[in-house]
Each structure stands twice: as structure tokens, then as C-alpha cells.
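Visitor: One structure, pasted below without further comment.
The values are calculated or read from the model by the stated rules, or taken from the named source; none is laboratory data. This one's a predicted model, so the numbers in the text were calculated from it and none came from an experiment. Virtual Cβ from ideal backbone geometry, glycine too; neighbours counted across all protein chains shown.
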Amino acid sequence: MIKLMAGEKNKEKLILDVAVALFTSKGYVATRMEDISQSAGISKGLTYFYYKNKEDLFMALTKKAFDQFKDEFREVYRSKGKTGLEMISDLLLKIVGFAKTQQVYYDAILNFLDLLKKYNNPETRQLIDPKTLNSIHFQKLLEIHHEPAKIGIMMVSQGIKDGSIRAELQPEITFYTIWSMIIGYEKMLGPIEYEGKDIKLHAENWEPGFLKLLQEMLKGTIQATKKTTVQTSLF
């Protein structure tokens, strides 16, 4: 019985891994459940046994994405001898790296965040595919999607406690603001890297500049310099 359960778990994982590979190479829309079952070497019926439909499978993929995302946050938070500000700085690089190396997972996370906006509004909730809403993995996501953010909030709290982050900042507001900035930063890497642009900015000098600005905002070291008006007389 144990061997059977282990075998079932392996098949479930195999289907999910194949789906990730096909979504990466072909895209979500172009990939059919039949393509996944063929690539996995599993019958279509067995594929549907584990995942009701492609929407259910994508929600399972999204659940795995959030689990891995949480691991990235946890790894940074558990680093020894780091201040809260240093953790946030490391987290920026971690998230950007995650987006580059785990693009399907990162896109799934952003997709779910957009999905939540529709779900939270009774009117727009009706626009969500019922197959998605009925997925058990979607229901699990509603429970666990905030867990990475909880760790991020603890990093900010640690920074306030150790003095590396301004004491007047509110941890929840601060972290979600940081996260929104990181999402925007990652999304703008494409336009920045596009050749033939007229702006004097490149990805290699934007990253340290973005990181420095973020750190200075959190430390409270940014000060506006006012131009001094010198009054003179012509007579």
C-alpha cells in the first residue's frame, strides 16, 4: 500500500513537472492536457484522475510556486548575522533571480495576485473560470498565498528592531510597498534591456541604483537639497 501511494505521488509530480516544461516551451494556452499526458507517458484518463482539468493543474502549479517562493523568503530570513535591511536587500536579489530562473512559477504567482483582485470583488468574481474556482488547489492558495509576505514583514520588523530601518515605519505597509516596487522593477527589466532605446539606463547599472535607493528610503537617509536663493542688488 505504501509503495502504491509513493507511486501515485511520483506520477502526480511527474505530470506537474511535465506541465511546467511544456508551459515554458509552448505557453499555457497552446498546451493541451493531451500533450502533457503524452509527454509524461501516462494515459489521459490517469492525468485527469490527478488533475480535473488544465485550470486545476495550473492552480496546482501555482501552489507549488508559492511553496518555493516561501522557501526563498525563509532562506533569507534564516541567514545568520544579517540586519533587517540586509535581509530586504538580499530578498530583492532573490526575487529577481527567482523570476529569471523560475519564470513559469513567477508568472503563476503574479497571475494569482491578479486573480485575487477579481476574487475579492463579488462582481468581477463571476468573470473567473468556474474550473479555477472549483479547484482544490485554488482553495489552498487562498489560505497560504500570504505566507511569503508574512516572512517579509518579519524582516522589516527585525530591521526596525535592530535600527537598520527607520523606527517610524509600519512593517506591513512597508513590506507590501517594497514588494510592489520589486514587482515593478522586474517587469521594467524588459523595456530597460531593449536595444535602441534613447534613455541612458542599462540593467547592469539600474540594479545597484535601485537597491541603493531602496536602502536609503528604508534607512531614511534621503534628504532633499534646496537651492539657496542669493539676493543681490544691481545698485
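Visitor: All but one of (1) touching a residue at least 24 places away in the same chain (Cβ under 8 Å); (2) hydrophobic (A, V, I, L, M, F, W, C); (3) out of contact with any Lys or Arg (no Cβ under 7 Å at 6 or more places or on another chain) hold for ILE153, so report the exception by its number.
Guide: (1) is the only condition that ILE153 fails.
Visitor: Just to be sure before I move on: is ILE36 surrounded by 15 or more Cβ atoms within 10 Å (Cβ to Cβ) and over 19 Å from GLN103 (Cβ atoms) in the structure I sent?
Guide: Details: surrounded by 15 or more Cβ atoms within 10 Å (Cβ to Cβ): yes; over 19 Å from GLN103 (Cβ atoms): no.
No, not satisfied.
Visitor: Please count how many residues of segment 24-46 are assigned to a helix (DSSP H, G or I) and over 17 Å from THR132 (Cα atoms). If you could, list the steps in order and put the result at the bottom.
Guide: Taking segment 24-46 as the starting set, the residues that turn out to be assigned to a helix (DSSP H, G or I) are 24-25, 33-40, 44-46.
Okay, now just the ones that are also over 17 Å from THR132 (Cα atoms), so 24-25, 34-40, 44-46.
Going through segment 24-46 one residue at a time, the tally reaches 12.
Visitor: Moving to a separate point now. Please determine whether any residue of segment 44-60 is hydroxyl-bearing (Ser, Thr, Tyr) and surrounded by 19 or more Cβ atoms within 10 Å (Cβ to Cβ). It would help to see each step written out before you state the result.
Guide: To start, the set of residues in segment 44-60 that are hydroxyl-bearing (Ser, Thr, Tyr) comprises 47-48, 50-51.
Narrowing the set further to residues that are surrounded by 19 or more Cβ atoms within 10 Å (Cβ to Cβ) leaves 47, 51.
Within segment 44-60, one or more residues are hydroxyl-bearing (Ser, Thr, Tyr) and surrounded by 19 or more Cβ atoms within 10 Å (Cβ to Cβ).
Visitor: Right, here's the next one. In segment 113-188, which helices (runs of 4 or more DSSP H) lie fully inside it and hold 1 or more residues that are farther than 22 Å from ALA60 by Cβ? Quick ask: steps written out before the conclusion?
Guide: On the way: elements: 122-125, 130-133, 136-144, 147-162.
So the answer is 122-125, 147-162.
Visitor: Whether any residue in segment 108-126 is in the same structural domain as LYS212 (by TED's automatic domain parsing), without any contact (Cβ under 8 Å) to a residue 60 or more places away in the chain, at positive phi and out of contact with any Leu (no Cβ under 7 Å at 6 or more places or on another chain) is what I want to check.
Guide: Here is the first cut: in segment 108-126, the ones in the same structural domain as LYS212 (by TED's automatic domain parsing) are 108-126.
Subsequent filtering for residues that are without any contact (Cβ under 8 Å) to a residue 60 or more places away in the chain retains 108-109, 111-126.
This time we only want the ones that are at positive phi, so: none.
No, the conditions are met nowhere in segment 108-126.
Visitor: Taking only pairs six or more apart or across chains, which ones have beta-carbon atoms under 6 Å, a first residue in segment 171-184 that is more than 18 Å from ALA108 (Cβ to Cβ), and a second residue that is of a type in the set (S, T, N, Q) and in a helix (DSSP H, G or I)?
Guide: Matching pairs, first to second residue: PRO171/SER157.
Visitor: Related question: Just the residues that are hydrophobic (A, V, I, L, M, F, W, C) and surrounded by fewer than 11 Cβ atoms within 10 Å (Cβ to Cβ), please, taken from segment 146-202. Spell out the reasoning first.
Guide: Narrowing segment 146-202 to residues hydrophobic (A, V, I, L, M, F, W, C): 149, 151, 153-156, 160, 165, 167, 169, 173, 175, 178-179, 181-183, 188-189, 192, 199, 201.
Selection gives ALA167, ILE199.
Visitor: Name the residue, out of LYS100, LYS140, that is assigned by TED's automatic domain parsing to the domain that holds THR177, more than 18 Å from GLU55 (Cα to Cα) and surrounded by fewer than 19 Cβ atoms within 10 Å (Cβ to Cβ). Quick ask: steps written out before the conclusion?
Guide: Numbers: LYS140 fails: more than 18 Å from GLU55 (Cα to Cα).
None of the other options fit; the residue is LYS100.
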